[in-house]
Structure formats: C-alpha cells, structure tokens
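What follows is a short report on a single structure.
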Amino acid sequence: MQGESVHGMWSSRLAFILAASGSAVGLGNIWRFPYLASDNGGGAFVLIYLGCIALVGLPIMAAEILMGRHGRMSPVNTLRKLTSEGGHSKGWVVIGWIGMAAAVMILSFYSVVGGWTLHYAWLYVEQLFGGAPITDPDATFTAMLGSPGTLVFWHTVFMLLTVGVVAMGVEKGLERAVKFLMPLLFLILLGLFAYGLSTGKVGQAFEFLFTPDFSKVHGSTWLAALGQAFFSLSLGMCGIMTYGAYLPRDISIPRVAATVALTDTSVALLAGLAIFPVVFAFGIDPAGGGPGLIFTSLPLAFNDMAFGIPYAIAFFVLLAVAAWTSSISLLEPPTAFIVEKGRFSRKSAALLAAAVIWALGLVTALGFNVWASVRIFGRDLQGAVEFIASDLMLPVGGLLIAVFAAWVLRKDISRGELPDLGNGGYTAWKVLCGILAPGMVLLILYMKLAG
Ligand code: PFF
C-alpha cells in the first residue's frame, strides 16, 4: 500500500535531511532571525523561539512528514487518500489546497527577493572587475526597487534556477542540487563566521544576541517568535509534507525532524554571530533591521573592510543559495500536483507551475514601482501577498494540519508512522499537536488580527 512515490524517492536519510534543511534554511534565517532577536530582547527572544521550535514546530513537522509519507502524493492528493482511507470528511482536503496556494503565493515574492540577492552579488562581481563602488547604499537599493526591468530580470533568472532543478525530478534534480548547495552554504557561512571572529567583536555580538532582556518581552515577542518558528521551519504549507512523501519507510521521523529543526536553528544563530560582529566593527546601528540591514547597512561596511568585495560576493551568494534551496521546496508541491493529473511530464508540469508563479511575481515586482500607489489591506502589493500567505495561510494551514494529525487521522496510521516513539512519547506528540500547537496558533492569529 505504501510502496514508493510516483515522483521518486530520497536515496538516503541524509538526502532528506539536506533537502528539508534546505527548505528550512532561507532568507528567514539569515536576515530575519538576527534582526528579530536583536529587537525583541536578545536572549529572551532566543529562549522563547527555542521553546516554540521544540514544542510547536517539531510536533507539526513530524505531523507533516508522517502525513506525506503515508499519502506518498502531492498535498491535495495525500489528503484525499488519508480522508478516504479513514472515512473522514472530504473537507479536510482543504489543507492541501491552502498549502499549495500558500506555496504559490510565497514563491511569487520569495523569487523577487531571491532576485535581489543575485542582483547584489552581480553588482559586487562587477566591482571586483573595476565597476563603480556602492557609495550610497540607500540610493542603490531605491534604484533597484524603482526599476521594473532590473527586478523582473533577476526574478526571471531566479525562477529559471528554481525550475531548472525541479524539472529534473526528485533524485536527479532536488537531491543532486541540495547535496552540492547545502555543503556550499555551510562552508560560506563558516567562512563569514571566521571573518567575524577576526574583527574581535564576536563577544559583543554574542552579548547582543544572547543576553536576555526580559523588559523587552511583550505579547508581540511571543507572536514574533512563533511566527518565525513556522516560517523558518517551512511549516503550514505542505512543503515538508511533500518532501515527506518521498521519505523511505525505514527512516525515523522524530529523528529527522529533530535534526532539521536543529540545523535550521544553528544556522540562524551562526548567521547572527557572523553578521553582527561586522555590524559592530563598523559602527552601524543594528536597530534599523529588516531587509535594510542587509541591503542598505552592510554595504557601508563592505566598502571599508579588508576583503570587503569578496566578502560581499560570498555573502550575497550565501543568501541566494539559501533562498534557492527554499524556493525548490515551494515549487515542488504544485509541480507534483500537476504531474498527478496525468497529462503532463514532470518537465512540462514544472514549467507550467513556474510560469504561473513567475507571472504572479510580476505583481510583487511592479508593486515596488509602477503600481507603488496600489494598497490592499493598507499594504503595498508585496506586503499584501506576504501578509495573506505568510501571516494568515501559514498559521491556518499549520493549525489544521496539527488538528487533523492529532484528532482525525486514524491512530493506527499515525502510530504506525512513529514506531520508534514509546507510548509516552507518542502521547506527548499527540498532546503537543492536538492541544498546545492549535492553542498557540489561535492565540497568534487572534493577536495578529486584533492588533
Ligand atoms: N523557511 C524559509 C526561510 O526561512 O526563509 C522560508 C520558507 C520556505 C517558508 C519554504 C515556507 C516554505 F515552504
């Protein structure tokens, strides 16, 4: 009943871990986490974040993987299979639709931002060969956003990179790409961390990130920590469920989920310890944070530091690689779904999904310039797409996945997928998934919508 997925299978435990970590480690780790931590009480935020990862993120990740592994299909068809096998309401299939819609929407703007990282890497490569230095990073950033041609060009390049991998299939595309890209990512990150050590400011960065300041902890800190845990672990949108569909039966789900969560968290912490020493060494105020920290503040340091240009190239390549391995996991669910319709080869399916997402990405790209005055929910177009997908659909998807896995899914299925958990461990998983995670998600949703 549960042979292999028609899309292919991961060849090993390591392949799954690299692919799922590739999905998890992304722009969220390298720019968002350090900034959130610094703004929300440093060590206090980190502690709360770790709690959210362990108590909410991990159980939901296990739920996604086990549902995927049992269904062996794209999210929508996995849910169809699980509901028909268990005699549950077909209404639960909505989980798959929400997940796929969120993946499509997130990739549409993620690819535009991925394009920014390629554009910046290119600007510094040009500088290496005598191009004009970026002396006014604000102006460079604004000029990029103001140019539809630049944004669309790099968005297109990024999308081509993504579809190039997905079109090749699970083993020859996804697995081969992550086996090369993830070690590259770790290597660059370690290099940048070593550079940070050489500035003599790692102690200050450490203090900044890890000294708990509980006076800065408010309701919004919990919100930020839980939201970041979801986004960073790629949960709620069935990307991890799709990767779970290709996981061989004999691999322990709790163990791989824990490894992926640990890898994701370590990369976020290491990124903080690589970036902040440079920030401090050049007297930059980290308070601005957000995308600005990377695209407008760090370039100030790149101009003055030793080996600044190679450092900048390595840094933006790191970001591009991290974004690339995440975007692959966003294109895979819709691609698998189209393949399952039976009328398209994987190549055509990947191209079709990518073309639709590319077109949707134009909304984000043009929202920065041509359509800059358009407002939805009081946000610009990119902000609106991001809000609907990341802030609403991800938590709702995560909530439904947790409730379905803990309360609806037949016990013999969930128990059968988690054979290495003792009875106590299995009960703990059920309680976390069925009670704590939904409670926390409902709380964030309420606070987000109310505030
Ligand atoms: N986890 C990615 C990051 O931290 O940047 C973002 C992401 C990728 C979210 C894939 C969701 C997803 F399915």
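All of the numbers you see were taken from the coordinates with simple rules; none came from a lab. Just so we're clear, the structure is a prediction, and the values are computed from it rather than from any experiment. Positions of Cβ are backbone-derived with ideal geometry, glycine not excepted, and every protein chain shown enters the neighbour counts.
Select from the stretch 35-135 those chymotrypsin sites (Phe, Trp or Tyr not before Pro) which occupy a DSSP coil region and have at most 16 other Cβ atoms within 10 Å, ordered by residue number.
Phe129
Over all distinct alpha-carbon pairs, what is the Kirkwood Rh of the stretch 86-156 in angstrom?
Numbers: mean 1/r = 0.0672 Å⁻¹.
It works out to 14.9 Å.
Set the bar at 24 Å for Cα to Cα. Now go through Lys90/Lys448; Lys81/Lys448; Lys216/Lys448 and name every pair that lies beyond it. Intermediate values should be presented prior to the final figure.
Working: Lys90/Lys448 29 Å; Lys81/Lys448 33 Å; Lys216/Lys448 19 Å.
Those over the limit are Lys90/Lys448; Lys81/Lys448.
Apply the Karplus parameterisation 6.51 cos²θ - 1.76 cosθ + 1.60, with θ equal to phi minus 60°, to every residue of the stretch 40-51 and state each ³J(HN,Hα) to the nearest whole Hz, in sequence, with x for glycine and proline.
Listing the rounded values in order: 10, x, x, x, 5, 5, 4, 4, 5, 4, 4, x Hz.
Just tell me which lysines come within less than 17 Å, Cα to Cα, of Lys430; anything on the same chain fewer than 8 places away is out.
Here the lysines satisfying the reach criterion relative to Lys430 are Lys411.
All other residues with a Cβ under 10 Å from the Cβ of Ala167 taken together, and with Lys, Arg as +1 and Asp, Glu as -1, what is their net charge? Intermediate values should be presented prior to the final figure.
Values: positive: Lys172, Arg346, Lys347; negative: none.
Net charge in that neighbourhood comes out at +3.
For q = 0.15, 0.23, 0.26 Å⁻¹, what log10 I(q)/I(0) does the stretch 1-86 give under the Debye formula with an equal point scatterer on each alpha carbon and no solvent?
-0.75, -1.17, -1.31
Using only alpha-carbon positions, what ratio does the radius of gyration of the stretch 164-204 give when scaled by 2.2 N^0.38 Å?
Working: Rg = 15.9 Å, N = 41, 2.2 N^0.38 = 9.0 Å.
Relative to the 2.2 N^0.38 Å estimate, the stretch 164-204 comes out at 1.76.
Within 10 Å of each candidate Cβ there may be at most 11 other Cβ atoms; applying that plus a DSSP loop requirement, which chymotrypsin sites (Phe, Trp or Tyr not before Pro) in the stretch 407-447 survive?
On the way: sites: Trp407, Tyr426, Trp429, Tyr446; in loops: none.
For chymotrypsin sites (Phe, Trp or Tyr not before Pro) across the stretch 407-447 that sit outside H, G, I, E and B with at most 11 neighbouring Cβ atoms in 10 Å, the list is empty.
Taking θ as phi - 60°, what are the ³J(HN,Hα) couplings along the stretch 91-99 by the Karplus curve (6.51, -1.76, 1.60), each to the nearest whole Hz, with x for Gly and Pro?
x, 5, 4, 4, 4, x, 5, 4, x
Given the -39500 (n - 2.57) contribution per DSSP H run of 4+ residues, what per-residue ellipticity at 222 nm results for the chain, rounded to the nearest 500 deg cm²/dmol? Can you show the working numbers first?
On the way: 21 runs with 308 residues, N = 451.
Calculated from helices alone, the mean residue ellipticity at 222 nm is -22000 deg cm²/dmol.
Apply the Debye scattering formula to the stretch 302-451, with a single equal point scatterer on each alpha-carbon and no solvent, then give log10 I(q)/I(0) at q = 0.17 Å⁻¹.
Per q value, in the given order, log10 I(q)/I(0) is -1.17.
Suppose every Lys and Arg Cβ carries +1 and every Asp and Glu Cβ carries -1, with no other charges. What dipole size does the chain come out with about its Cα centre, to the nearest 20 debye?
Working: 25 positive and 23 negative charges, 283 e Å.
Using Cβ point charges on Lys, Arg, Asp and Glu, the chain gives about 1360 debye.
To the nearest Å, what is the center-to-center distance of the stretch 387-403 and the stretch 411-434, using C-alpha atoms only?
22 Å
Could you bin all the Cα-Cα distances of the stretch 1-145 into 5 Å bins starting at 0 and give me the percent of pairs in each, rounded to whole numbers?
Going from the shortest bin to the longest, the percentages are 2, 7, 10, 14, 15, 15, 12, 10, 8, 5, 2, 1, 0, 0.
List the pair-distance distribution P(r) of the stretch 13-450, using every Cα-Cα distance, as the percent of pairs falling in each 10 Å bin from 0 up to the bin containing the longest distance, rounded to whole percents.
The percentages, shortest bin first, are 5, 22, 32, 27, 11, 3, 0.
Report ³J(HN,Hα) in whole Hz for each residue of the stretch 65-82, in order, from the Karplus equation J = 6.51 cos²θ - 1.76 cosθ + 1.60 where θ = phi - 60°; Gly and Pro get x.
5, 5, 5, x, 5, 6, x, 6, 9, 5, x, 4, 6, 4, 5, 4, 5, 4
Ratio of Rg to Rh for the stretch 240-386, alpha carbon only, Kirkwood? It would help to have the intermediate numbers written out before the result.
Numbers: Rg = 20.0 Å, Rh = 19.1 Å.
A ratio of 1.05.
Farthest toward the dipole's positive end in the chain, which of Gly96, Trp324, Ala281, given Cβ charges of +1 (Lys, Arg) and -1 (Asp, Glu) about the Cα centre?
So the residue we want is Gly96.
At a threshold of 8 angstrom on Cα-Cα distance, excluding pairs fewer than six apart, so keeping six or more, what relative contact order does the chain reach in percent? Mind dumping the intermediate values first?
Details: 709 pairs, mean separation 155.8, N = 451.
In percent, rounded to a whole number, it is 35.
From zero outward in steps of 10 Å, how is the percent of C-alpha pairs of the stretch 94-236 spread across the bins?
For the stretch 94-236, the pair-distance distribution reads 9, 21, 34, 29, 7, 0.
P(r) tail for the stretch 156-262, what percent of Cα pairs lie past 18 Å?
Details: 4054 of 5671 pairs.
Of all Cα-Cα distances in the stretch 156-262, 71 percent exceed 18 Å.
Using only Cα atoms and rounding to the nearest 10 degrees, what angle (0 to 90) does helix 437-450 make with the longest principal axis of the chain?
In the chain, helix 437-450 runs at an angle near 50 degrees to the longest axis.
Can you pull out the trypsin sites (Lys or Arg not before Pro) in the stretch 406-451 that DSSP calls coil and that have at most 16 other Cβ atoms within 10 Å?
Arg410
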